[in-house]
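The structure under discussion appears below in the form of structure tokens.
The values are calculated or read from the model by the stated rules, or taken from the named source; none is laboratory data. This one's a predicted model, so the numbers in the text were calculated from it and none came from an experiment. Cβ placement follows ideal geometry from the backbone for every residue including glycine, while neighbour counts extend to all protein chains displayed. Protein only, heavy atoms only, side chains kept; ligands, DNA and RNA dropped before computing areas. Shrake-Rupley method; radii C 1.70, N 1.55, O 1.52, S 1.80 Å.
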Amino acid sequence: MSSITNLTTEQKKAPYPHMLAPLDLGFTTLKNRVLMGSMHTGLEEEKNGFDKLAVFYAERARGGVGLIVTGGIAPNFRGRIAPHGSQLSFSWQTSKHKKVTDAVHKEGGKICLQILHTGRYAYHPFNISASAIKAPINPFKPRQMSERQIKKTIKDFASTCELAQKSGYDGVEIMGSEGYLINQFLCQRTNQRQDQWGGSYENRMRLALEIVKASRKKVGTDFIIIFRLSMLDLVEQGSDWDEVVELAKALEQAGVTIINTGIGWHEARIPTIATSVPRAAFSWVTAKMKKEVSVPLITTNRINTPEVAEDILSRGDADMVSMARPMLADADFVNKAAQDKSDSINICIACNQACLDHVFKQKRASCLVNPRACYETELNFEKSKHTKKLAVIGGGMAGMSFAIYAKQRGHEVTLFEAKEQLGGQFNLAKNVPGKEEFIESLKYFTSELERQNIKVHLNSRQTVEQLTGAGFDEVILATGVVPRIPAIDGIDHPSVFNYQQVLSGEAKIGNKVAVLGAGGIGYDISEFLTEKGESHTENLALWLEEWGIDQNITHRGGIDGVQQVKPESARRIFMLQRKNERFGKSLQPTTGWIHRAALKKRTVEMIGGVSYEKIDDNGLHISIDGQSQLLDVDNIVVCTGQESQNQLKKGLLDANIPVHLIGGADFAGELDAKRAIRQGAELAARI
Ligand code: NAP
Ligand code: SF4
């Protein structure tokens, strides 16, 4: 049923023949092998959020995706992700879901509702689990579920499944992975019950199977039931491989249509989707399961281009690929691939900055490289009634973003860049180990400028006189930032460099280095300077070894008892900050711990609460609690923030030319590409 080995001659002609082959599920056929994976957007809980969700999903359906799975919706109150989390338990709640299913069907798409009971991960005091064991990532300790609560929960899942069918969904996905309730019952780590729901594996998997059986009974045979199965828990006392296979076989018997792959619990301290994780890092897990069951299998995690997807599917590692974040980055992903225009896809760089980090902070998700994501009804680039002649000064992410969207509105746009290449700070970021993906955004934005025939002048530093003489109606200053140079005695010593000189390769750096500043850039520089040999992001075997993941899965959860291999450090680094607080506090919630772990492994020495006294031939003189000491380092790298660069502003205003500041030129503090790109897009939408 699920094989893609026998492609027809017609199918073989398609650009990505395996990815674009239909999947026949017997009672229904999916038009291709691309699943838009489940992702909470935050719209689920917003006032009128389902109207916005309908437009959001409709755009993805129109973009050609084979099947969509919604963000997680709870089957009952206790299973909600947060007190106001979304739930589908009553008939009156179906009307808002109908808006979504109707919109998707109108575009020729198919959509499943994900049913998610968060168990001990629920961020409220009413949470429950198999046993009363607190999750390390949640302050709320769960209560142990009674037998009655377990039976009621099974009924609630089945009832939500039935309501999903009534709402017009093509199926459901039952969330059994990532450490949520069903997963909590499966593993001894969280299930220490002695009744029929705990103890033996047969007992621990009972909840999963009873939920599937009860759900199937409610909806009949012609309704998709996907089960998201945790194939690799990546936590101690997780399932072992034999248990995972036993459950997969039992799920097949119980009537699931498709099994999706789950990798890692949320509390796992192994990165699974961050940008430093190699592409398709876990498809080998699904490939292992392919030998065991005959229902179609979906693989997932760090699949972000049609090439990676095609590679996995053509090898037969899976029957479908799941991509959630890539569909935020580009709603037209599948259509562009089908038209053999994959170089025009806006690729997800796995930064998490606008999607998961937002969800984590209970903000609406969006996408760093596509600020329209989840703002489809609010951020649009309709043709302007008054075409303007606009100059954009600065070809970093802010300037490029503005130029592209303003051109879409019909404005005449000319972009001037002082350097010989476009990209600004992204040209430096892409050199940081584990940030290789950033090159994809540079490629996309620069090629989009070309596709839209936007006039670009490189090596072109503009003056006020040139701009005023050229007849521009308005000028957009996207001139970015310069590194902040702290006032330390001896800061102009030849051993001192700023982070830009280091990342560009301009500075020759010795073996012992002091990094001043411990913000995102201090961390990036420390990773850059300690990296030895090949980037692990580009070498899966080394990456798996570094994080102690056993590819034979002979250890529980794939990691229990496996030693992590510490990477060798290329240099001795001291990272310093003046504050006397935890290092890395300003880093992003979903990735900060990965950067902290990376520097710990490379034994970077962190010294907080320092005062900088002076720099001389002997090194860096600091004092801590009034005690002076010398760090006899070869070099000092300054990562102490940035200052805005917008010197043209005054002259232009004096010449009565309207000026707009975006990105770092507007405000240097907390500058990141997310704000720069969004600011460019928002200005373009209203100018
Ligand atoms: P930052 O986060 O503001 O950090 C600047 C560091 O310099 C702080 O550790 C600060 O600590 C120190 N500092 C500030 N003023 C100083 C002064 N006058 N003298 C000496 N030390 C001073 O800036 P950043 O690291 O340049 O990062 C800029 C932006 O890029 C961030 O907002 C971040 O969003 C983004 N970014 C993020 C990442 C990431 O998350 N991985 C990576 C790169 C960039 P003390 O004041 O305690 O010394
Ligand atoms: Fe991908 Fe980053 Fe966009 Fe999230 S914010 S979808 S990780 S590019």
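Taking the listed residues Glu162, Glu173, the one that is modelled with pLDDT of 95 or more, crowded, with 24+ Cβ neighbours inside 10 Å and among the acidic types (Asp, Glu) is Glu173, with no other qualifying.
Is it fair to say Arg578 is surrounded by fewer than 21 Cβ atoms within 10 Å (Cβ to Cβ) and closer than 20 Å to Arg484 by Cα? Answer is yes for this residue. If you go through the range 359-378 and pick out every residue that is within 20 Å of Tyr444 (Cα to Cα) and not hydrophobic (A, V, I, L, M, F, W, C), you end up with 4.
For the condition in contact with a strand residue (DSSP E or B) (Cβ under 8 Å, 6 or more places away or on another chain) and open to solvent by less than 30 Å² (accessible area, probe 1.4 Å), Ile454 qualifies. Return yes or no: is Ile273 hydrophobic (A, V, I, L, M, F, W, C), within 29 Å of Tyr123 (Cα to Cα) and open to solvent by 20 Å² or more (accessible area, probe 1.4 Å)? In short, yes.
With respect to the stated conditions, Gln362 fails to be of a type outside the set (A, V, I, L, M, F, W, C), within 16 Å of ligand 1 (Cβ to nearest atom), assigned to a loop (DSSP other than H, G, I, E, B) and open to solvent by 10 Å² or more (accessible area, probe 1.4 Å). Taking (1) away from ligand 1 (no atom under 16 Å from the Cβ); (2) surrounded by 14 or more Cβ atoms within 10 Å (Cβ to Cβ) in turn, Asn656 satisfies each apart from (2).
Matching residues to (1) touching a strand residue (DSSP E or B) at 6+ places or on another chain (Cβ under 7 Å); (2) on the phi < 0 side of the Ramachandran plot; (3) within 13 Å of ligand 1 (Cβ to nearest atom):
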| site | (1), (2), (3) |
| --- | --- |
| Ile491 | yes, yes, yes |
| Phe497 | yes, yes, no |
| Gln500 | yes, yes, yes |
| Glu506 | no, yes, no |
| Asn511 | yes, yes, no |
| Ala514 | yes, yes, yes |
| Ile525 | yes, yes, yes |
| Glu531 | no, yes, no |
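The residue of the range 556-575 that is nearest to ligand 1 (Cβ to nearest atom), among those that are of a type in the set (Val, Ile, Thr) and open to solvent by 40 Å² or more (accessible area, probe 1.4 Å), is Val565. Of all residues in the range 157-187, those satisfying the criterion of being of a type in the set (A, V, I, L, M, F, W, C) and more than 16 Å from Ala122 (Cα to Cα) are Phe157, Ala158, Cys161, Leu163, Ala164, Val172, Ile174, Leu186, Cys187. Cβ separations smaller than 7 Å between residues 6+ apart or across chains give the following pairs from the range 142-166 residues that are under 14 Å from Ile182 (Cα atoms) to residues that are acidic (Asp, Glu) and open to solvent by 60 Å² or more (accessible area, probe 1.4 Å): Ile154/Glu210. Here Thr8 passes the criteria (1) under 25 Å from Ala337 (Cα atoms); (2) surrounded by 13 or more Cβ atoms within 10 Å (Cβ to Cβ); (3) modelled with pLDDT under 95 except the one numbered (2). Restricting attention to the range 640-653, the residues that are over 30 Å from Gly517 (Cα atoms) and open to solvent by 60 Å² or more (accessible area, probe 1.4 Å) total 2. Screening the range 388-483 for strands (runs of 3 or more DSSP E) wholly inside it with 1 or more residues that are modelled with pLDDT under 95 returns the ranges 481-483.
Here Thr286 does not fit the description of being touching a helix residue (DSSP H, G or I) at 6+ places or on another chain (Cβ under 7 Å), away from ligand 2 (no atom under 16 Å from the Cβ), touching a residue at least 40 places away in the same chain (Cβ under 8 Å) and open to solvent by less than 10 Å² (accessible area, probe 1.4 Å). Under the condition of being within 16 Å of ligand 1 (Cβ to nearest atom), in a helix (DSSP H, G or I) and either charged (D, E, K, R) or open to solvent by less than 20 Å² (accessible area, probe 1.4 Å) (or both), the residues counted in the range 311-357 number 1.
Results for (1) out of contact with any Leu (no Cβ under 7 Å at 6 or more places or on another chain); (2) open to solvent by less than 70 Å² (accessible area, probe 1.4 Å), shown as yes or no for each residue.
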| position | (1), (2) |
| --- | --- |
| Ala507 | yes, yes |
| Ser526 | no, yes |
| Glu538 | yes, no |
| Ala541 | yes, yes |
| Trp547 | yes, yes |
| Thr554 | yes, no |
| Ile594 | yes, yes |
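If you go through the range 341-367 and keep only what is among the aliphatic types (A, V, I, L, M) and farther than 14 Å from Thr41 by Cα, you end up with Ile345, Ile347, Ile349, Ala350.
Looking at the range 383-392, is at least one residue open to solvent by 20 Å² or more (accessible area, probe 1.4 Å), away from ligand 2 (no atom under 15 Å from the Cβ) and free of Cβ contacts under 8 Å to residues at least 24 places away in the same chain? Among the residues of the range 383-392, at least one is open to solvent by 20 Å² or more (accessible area, probe 1.4 Å), away from ligand 2 (no atom under 15 Å from the Cβ) and free of Cβ contacts under 8 Å to residues at least 24 places away in the same chain, which makes the answer yes. The residue that is nearest to ligand 2 (Cβ to nearest atom), among those in the range 492-505 that are buried (at least 16 other Cβ atoms within 10 Å of the Cβ) and over 22 Å from Lys419 (Cβ atoms), is Val496. In the range 405-434, how many residues are touching a helix residue (DSSP H, G or I) at 6+ places or on another chain (Cβ under 6 Å), surrounded by fewer than 24 Cβ atoms within 10 Å (Cβ to Cβ) and among the β-branched types (Val, Ile, Thr)? Residues flagged as touching a helix residue (DSSP H, G or I) at 6+ places or on another chain (Cβ under 6 Å), surrounded by fewer than 24 Cβ atoms within 10 Å (Cβ to Cβ) and among the β-branched types (Val, Ile, Thr) within the range 405-434 amount to 1.
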